[in-house]
Amino acid sequence: MKHLTTKLLARAGIIAALYVGLTVVFGELAYGPLQIRPAEALTVLPVFFPEAAVALYVGCLLANLFSGYGLPDILLGPIVSLAAGLLTRLIYKKTENIFLAALPPVLLNGFLIPLIFMMTGTPWSEYWVCAGSLLLTEAVFIYTIGVGVYYSLKRLRQREIAFFVLGSIG
């Protein structure tokens, strides 16, 4: 990020708040092995806005305060989100392919978040069930809603709507 501007901070705050709101509204369904977490669709945003990776980190941290999985989820879950956001941006910059760029949040959440469950008392024998469940739910939200968000934002940028232009690709 070259310059920290009010618009950039506002957009980051909006992204973080959306993540929290779209998670917490689902209550217990947003946490655990079968997550109903449509906020994961926002993981495509680092493609357009570099600040989105940090905003997703903050949003996930705040949302995970309500998870019931304690400090491991509050501290480690957001790190997974940050890494996924940074990799999403990097892959998109190299390939310009949203379907490849959307893989990091699916794979990192699918394989790493179950480790948090194991650290908080879920039996290790359930790792692959948790991983499969998270891979599925992540893929559904990211490749349906998230890719739709991507194409919508891409059109808004092409129309040069100011809020969506700052923080351009590349």
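Quick rundown of the values:
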item	result
Pairs, first touching a residue at least 24 places away in the same chain (Cβ under 8 Å) and under 13 Å from Tyr150 (Cβ atoms) in region 95-112, second assigned to a helix (DSSP H, G or I) and open to solvent by 40 Å² or more (accessible area, probe 1.4 Å), C-beta under 6 Å, six or more apart	Ala101/Ile91
Qualifying positions in region 62-76 - under 15 Å from the mean Cα position of the chain (by Cα) and either open to solvent by less than 50 Å² (accessible area, probe 1.4 Å) or closer than 12 Å to Ala39 by Cα (or both)	Ala63, Asn64, Asp73, Ile74
Unmet criterion (only one of (1) open to solvent by 30 Å² or more (accessible area, probe 1.4 Å); (2) assigned to a helix (DSSP H, G or I); (3) touching a residue at least 40 places away in the same chain (Cβ under 8 Å)) for Ile79	(3)
Scope region 2-24; condition part of a loop (DSSP other than H, G, I, E, B) and surrounded by 12 or more Cβ atoms within 10 Å (Cβ to Cβ); matching residues	Thr5
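Here's the yes/no breakdown for (1) modelled with pLDDT of 95 or more; (2) assigned to a helix (DSSP H, G or I):
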position: Phe66; (1), (2): yes, no
position: Ala84; (1), (2): yes, yes
position: Arg89; (1), (2): yes, yes
position: Leu107; (1), (2): yes, yes
position: Leu115; (1), (2): yes, yes
position: Trp128; (1), (2): yes, yes
position: Leu134; (1), (2): yes, yes
position: Ser152; (1), (2): no, yes
position: Ser168; (1), (2): no, no
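The values are calculated or read from the model by the stated rules, or taken from the named source; none is laboratory data. From a predicted model like this one, the values you see are computed outputs, not experimental measurements. Cβ: placed from backbone, ideal geometry, glycine included. Neighbour counts: every protein chain shown. The protein model used for the area step is the full one, side chains on, heavy atoms only, and it has no ligands, DNA or RNA in it. Shrake-Rupley method; radii C 1.70, N 1.55, O 1.52, S 1.80 Å.
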